[in-house]
Amino acid sequence: MATKIIGGLIAGGLFGAGLVRGGVHLPSVIQDQMLFRDFTMMKMFLTALSVSAASMWLTHRVKPKNLPEPRSIQDQMIIPGVLYSGNIIGGAVMGAGMVIGGTCPGTVYAQIGGGVANALWALTGGLLGAYLYSIYDNNFYHRTSFEAPTLQSSWKLSRPTTYASISIAAASAVAVLYVLTPSTPAPIIGGLLVGASQLVTLLSASIPLGMSASFVVVLGTITSSIKPLRGGYLSKFTGADKDWWAVSTAVGAVVGSYLASTGSSSSGAAWLTAILGGAMVVFGARMAGGCTSGHGITGISTSSFSSIITVAATFGGGMIFARFF
C-alpha cells in the first residue's frame with residue numbers, strides 16, 4: 001500500500017505541475033477553449049494523451065499485468081435504447097460545468113495549489129456533486145453488464161500497435177494545431193508532465209490515471225461514520241488501496257501545482273458559479289464513469305469507445321453551452 005500511495009503522490013505532483021506549467025489550471029483558458037479562442041487546453045490534452053499511450057506501450061513491454069482494462073459503457077437508463085446515454089449525458093454535463101466554473105475534477109486540485117481564486121469553492125461544489133450523484137445512483141441507476149468495446153478489438157489490432165497508433169495520431173494532431181495556431185511550447189511541457197504521471201502510476205501502483213474518484217472516496221470515508229448516510233454507492237469507496245491512491249494523487253496534485261506556480265494568485269470564477277461548476281463536473285464525471293483524465297487520457301489510450309464518446313460529449317457539450325448560454 002505504501003508504494004501505491006507514494007506513486008500516487010508523485011503522479012499527482014506531475015499532474016498538478018503539468019497543468020500549471022501548461023497554463024491549463026486557469027479558468028479562462030478552459031473557457032476560451034470551449035469558445036475556440038485559445039487552443040492551449042487542446043494542445044496540452046493531446047500531448048498528454050500521446051505520452052499516456054506511449055506509457056502504456058512501455059508498460060506492456062515491462063509490466064503487462066499493470067495495464068488497465070478499457071472503460072466500460074455507462075448505461076444509466078436515462079434514454080431508453082441509447083446504450084451510451086450515461087457517457088453522453090454525463091459528458092455533456094461535465095462540459096457545461098467546465099464552462100460555468102472554469103474547472104474539472106482534476107484541475108480543481110491544481111487550481112488550489114496554483115492560487116486560483118475561489119478554487120476551494122469549486123472543491124466544495126465537487127464534493128456536493130459527488131454527494132448528489134450518490135443519491136441519484138442509489139435511487140435511479142440500475143446497472144447492466146456490458147462488454148467494453150474498443151477500436152483495438154474492432155480493428156483486430158495488437159495492444160502495442162494500438163498504443164503506438166494512438167500516440168502517433170495525438171502527437172500529429174498537436175503538430176497540426178501548432179501550425180494552425182502558433183504559440184509557446186508551454187502546453188507541450190505541461191502535457192509531457194501530465195502524460196508522465198500515467199507511466200508513474202501504472203508502474204508503481206498498477207492503477208490508471210483518473211481524478212474524479214477522489215471526491216467519492218473522501219465523502220465515502222466521512223459518511224461511513226454517520227449512520228443515516230452509511231451504505232449505498234459511497235460505501236464502495238472506503239478502505240481499498242486504490243481509494244487511498246486516489247486521495248494521495250489529489251494531494252500530490254495540490255503540492256505539485258503549488259511548487260510549479262509563481263506564488264501569485266489568479267482570478268477565478270465567482271464563488272457561486274465555482275460551486276455550481278464544481279458540482280456539475282463531478283456529477284457528470286461520476287455519471288459518465290470518469291473525467292477528462294480518466295476517460296480522456298487513460299480511456300482513449302486504451303481505445304475505449306465509451307471514453308471516446310464521453311470526451312466528444314464533454315467538449316461538444318461545453319462548446320454548445322459556451323456558444324448559446
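Of all residue pairs spaced 6 or more apart or on separate chains, those with beta-carbon atoms under 7 Å, a first member in the range 210-238 that is closer than 19 Å to ALA253 by Cα and a second member that is surrounded by fewer than 23 Cβ atoms within 10 Å (Cβ to Cβ) and modelled with pLDDT under 80 are VAL217/ASP243. Among the conditions (1) assigned to a loop (DSSP other than H, G, I, E, B); (2) under 20 Å from the mean Cα position of the chain (by Cα); (3) not charged (D, E, K, R), LEU219 misses just one, which is (1). Hey, any hits in the range 303-319 for a residue that's modelled with pLDDT of 90 or more, outside any helix (DSSP H, G or I), of a type in the set (S, T, N, Q) and surrounded by 21 or more Cβ atoms within 10 Å (Cβ to Cβ)? Scanning the range 303-319 turns up at least one residue that is modelled with pLDDT of 90 or more, outside any helix (DSSP H, G or I), of a type in the set (S, T, N, Q) and surrounded by 21 or more Cβ atoms within 10 Å (Cβ to Cβ).
Residues of the range 203-221 that are touching a Gly at 6+ places or on another chain (Cβ under 6 Å) and buried (at least 24 other Cβ atoms within 10 Å of the Cβ): GLY210, MET211, PHE215. Please work out if ALA274 is outside any helix (DSSP H, G or I), more than 15 Å from the chain's Cα centre (by Cα) and crowded, with 24+ Cβ neighbours inside 10 Å. It is false that ALA274 is outside any helix (DSSP H, G or I), more than 15 Å from the chain's Cα centre (by Cα) and crowded, with 24+ Cβ neighbours inside 10 Å.
Every residue, every condition in (1) more than 19 Å from THR201 (Cβ to Cβ); (2) assigned to a helix (DSSP H, G or I), yes or no:
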position: HIS25; (1), (2): yes, no
position: SER28; (1), (2): yes, yes
position: ALA53; (1), (2): no, yes
position: THR59; (1), (2): no, yes
position: ILE88; (1), (2): yes, yes
position: VAL93; (1), (2): yes, yes
position: ALA96; (1), (2): yes, yes
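The residues of the range 30-51 that are part of a helix (DSSP H, G or I), of a type in the set (D, E, K, R) and surrounded by fewer than 24 Cβ atoms within 10 Å (Cβ to Cβ) amount to a single one, ASP32. Beta carbons closer than 6 Å, at least 6 apart along the sequence or on distinct chains, pair a first residue in the range 37-66 that is of a type in the set (D, E, K, R) with a second that is assigned to a helix (DSSP H, G or I) and buried (at least 24 other Cβ atoms within 10 Å of the Cβ) for LYS43/PRO187.
The values are calculated or read from the model by the stated rules, or taken from the named source; none is laboratory data. Worth saying up front: this structure is predicted, and the values here are computed from it rather than measured. Here the Cβ is made from the backbone with ideal geometry for all residues, glycine too, and neighbour counts use every protein chain on show.
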